[in-house]
Amino acid sequence: MSDTSKRIIYKKNDGGVAIIIPVENCSLTIDEIAAKDIPSGTPYTIINASTVPTDRTYRDAWTYEE
């Protein structure tokens, strides 16, 4: 079962940051969601949802360090 307190982040081809938010009651684990939804070979990190900024004003400027 997925953990809705977690987020999956990875760097998109255009340099931006993608954030995947698991839905409640999903039968997949967070790792299964990452395997299904992230392009093959793309590095990613699983983080606590509380570390994602809540202010989306400068969302296009967010970065992700691998």
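The values are calculated or read from the model by the stated rules, or taken from the named source; none is laboratory data. Because the structure is predicted, anything quoted here is derived from the model rather than measured. When we count neighbours, we look across all protein chains shown, and the Cβ atoms used for this are built from the backbone with ideal geometry, even at glycine. Please note that ligands, DNA and RNA were not included when accessible areas were found on the heavy atoms of the full protein model with its side chains. Shrake-Rupley method; radii C 1.70, N 1.55, O 1.52, S 1.80 Å.
Tabulated results
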{"quantity": "Unmet criterion (only one of (1) out of contact with any strand residue (DSSP E or B) (no Cβ under 7 Å at 6 or more places or on another chain); (2) loosely packed, with under 10 Cβ neighbours inside 10 Å; (3) not acidic (D, E)) for T63", "calculated": "(1)"}
{"quantity": "Selected residue [in contact with a Cys (Cβ under 8 Å, 6 or more places away or on another chain) and hydrophobic (A, V, I, L, M, F, W, C)] from I38, I47, I33", "calculated": "I33"}
{"quantity": "Check on T42, surrounded by 10 or more Cβ atoms within 10 Å (Cβ to Cβ) and not charged (D, E, K, R)", "calculated": "yes"}
{"quantity": "Residue among D31, D60, D55, D3 that alone is at pLDDT below 85, over 10 Å from the mean Cα position of the chain (by Cα), assigned to a helix (DSSP H, G or I) and of a type in the set (D, E)", "calculated": "D60"}
{"quantity": "Scan of the range 21-30 for residues that are under 15 Å from Y10 (Cα atoms) and open to solvent by 90 Å² or more (accessible area, probe 1.4 Å), ordered by number", "calculated": "I21"}
{"quantity": "Qualifying residue in the range 20-27 (condition: in contact with a strand residue (DSSP E or B) (Cβ under 6 Å, 6 or more places away or on another chain), at pLDDT below 90 and assigned to a loop (DSSP other than H, G, I, E, B))", "calculated": "no"}
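To keep it simple, each residue is scored yes or no on (1) modelled with pLDDT under 90; (2) in a strand (DSSP E or B); (3) open to solvent by 50 Å² or more (accessible area, probe 1.4 Å).
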residue: I9; (1), (2), (3): no, yes, no
residue: N13; (1), (2), (3): yes, no, yes
residue: A35; (1), (2), (3): no, no, yes
residue: I47; (1), (2), (3): no, yes, no
